[in-house]
1. Inside segment 121-240, counting only strands (runs of 3 or more DSSP E) that do not spill past its ends, which hold 3 or more residues that are within 30 Å of Thr281 (Cβ to Cβ)?
2. Quickly run through segment 392-409 and pick out the residues that are farther than 17 Å from Leu336 by Cβ and under 21 Å from the mean Cα position of the chain (by Cα).
3. Taking only segment 337-365 into account, find how many residues are closer than 21 Å to Leu381 by Cβ and not in a helix (DSSP H, G or I).
4. Residues of segment 378-405 being touching a residue at least 40 places away in the same chain (Cβ under 8 Å) and of a type in the set (Val, Ile, Thr), which ones?
5. Enumerate the strands (runs of 3 or more DSSP E) found wholly within segment 1-89, keeping only those where 2 or more residues are crowded, with 17+ Cβ neighbours inside 10 Å.
6. Wholly within segment 382-443, which strands (runs of 3 or more DSSP E) include no fewer than the required count, namely at least 2 residues that are surrounded by fewer than 17 Cβ atoms within 10 Å (Cβ to Cβ)?
Amino acid sequence: MSPHPAAEPLIIVNGRVIDPASGHDGVADVAVEDGRVGAIGAKLDRSPAARVLDAEGCLVVPGLIDPHVHLREPGQTHKEDIASGTAAAVSGGFTTVCCMPNTSPAIDTPDMVRMITARARETAVCRVFVVSAGTQARKGERPAEIGLCANAGAVGISDDGDVIESAGVMKAVLAETARAGLAFMQHAQDPTLTRGAAMHAGTVSAKLGLGGWPREAEEIIVERDVRLNRSIGCRYHVQHVSSAGTVEILRRARAEGQPVSGEASPHHLLLAHEACDGYDTLAKMNPPLREQADADVLREGVADGTITILATDHAPHTAEEKSAPFADAPFGIIGLESALALYAEALVHTGAIDWPRLIELMTLESAKLCGLDARAGLGALTVGGPADVTVIDPDLTWTLTESELAGKSTNTPFLGRQLRGRAIAAIVAGSVRMERERAFARA
């Protein structure tokens, strides 16, 4: 986090305070001083506070955490950098993000982990933690210095953007990651089934004449890894789950007591492969949008506790890159500014889960995945804990436009969509990093 003057004492009043860690859910005030939560209770004394934030009708929750973000620094800062990416994060209500290692060069050494951490202290407006690579240069050939990267501050291990294709290398990486006490985050994609593929293998790809990407490409890797991990017991996490079959594999493995988890992204919950019709590259993502039945099963997986993490896979690209022909355009979608409202649309407004569970999935569960609860006290809103707080107006209606985007890139098919629910304040270590006027229509 970048250095800031000492945060002023403040008090957030009249909000519905939800803390999944303690089970607290009720109207209360939250007092903040010296970067910590000083008190939570009814009608707290306001006199010590230099600022009063009125949260009537709003949710006051632990700062939102996104464990899967691409900040593109180093090497791709024309798309995003730590400063712009964390600005997008706080605009969306996130006070912590975990950045992926598929940069240029890859974050695969302790020195790289320390460099990104130091750079974040200089330029970030929210907390940034580093996920380092599982293999050297992310080539999938030899394990990286996983233990040393963990000692340098890495909070997870991943070759995100690519799978570790070799089962032997994967087994070694799982063992090293387990010894380091971290979770391995898998990008599940069998490359032998996806070479030349641009989108989901189905009726739309056939219509458009594009290479098809079958569900099995994801499912085979997850099934393989679950079997490899049975004798190792590494915490194993599947990123951006897209296939109904993967949900079933995870459900079975969790029922067997294996330490596995999976995440859902907004686009896989709300969109299907029809969004690619007309060669719309804004809907081109990895893994691809699948069918409505897959989205339905993903929602069921969130509702029954199979899917325990919500993460954006925020992946910025320039307009020029996305204007290429569909087969040549890069995969990826931004998501930090719009994720909260899209999750609410997919999960809360449909009745799959309620707001307290959504908050748990976006705070405490993400903190546990990356060890941020034990490491930094994140994911909870408790007296004496860090004052990372997000204030959410669940009924605020707004439209996602380019002017609402704080990052460098605008590659999202959700532009123009009317949304309900928005963060109106993001507080990091007691410092207000984002506050917006509540000058929108209320539903």
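1. On the way: elements: 127-132, 183-186, 235-238.
So the answer is 127-132.
2. Across segment 392-409, the qualifying residues are Asp393, Pro394.
3. Total satisfying the criteria: 3.
4. Taking segment 378-405 as the starting set, the residues that turn out to be touching a residue at least 40 places away in the same chain (Cβ under 8 Å) are 378-398, 400, 404-405.
Listed by number, the residues that qualify are Thr382, Val383, Val389, Thr390, Val391, Ile392, Thr397.
5. 10-19, 24-33, 36-41, 59-62, 64-69
6. 389-399
Table: residues versus (1) out of contact with any Asp or Glu (no Cβ under 8 Å at 6 or more places or on another chain); (2) touching a residue at least 60 places away in the same chain (Cβ under 8 Å); (3) in a helix (DSSP H, G or I).
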| residue | (1), (2), (3) |
| --- | --- |
| Arg252 | yes, no, yes |
| Ala295 | yes, no, yes |
| Glu300 | yes, no, yes |
| Glu320 | yes, no, yes |
| Ala324 | yes, no, no |
| Pro330 | no, no, no |
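Read the figures in this text as sums done on the coordinates, not as results from a lab. Because the structure is a prediction, the values reported are computed rather than measured. Using ideal geometry, Cβ is built from the backbone for each residue, glycine included, and neighbour counts are taken over all protein chains shown.
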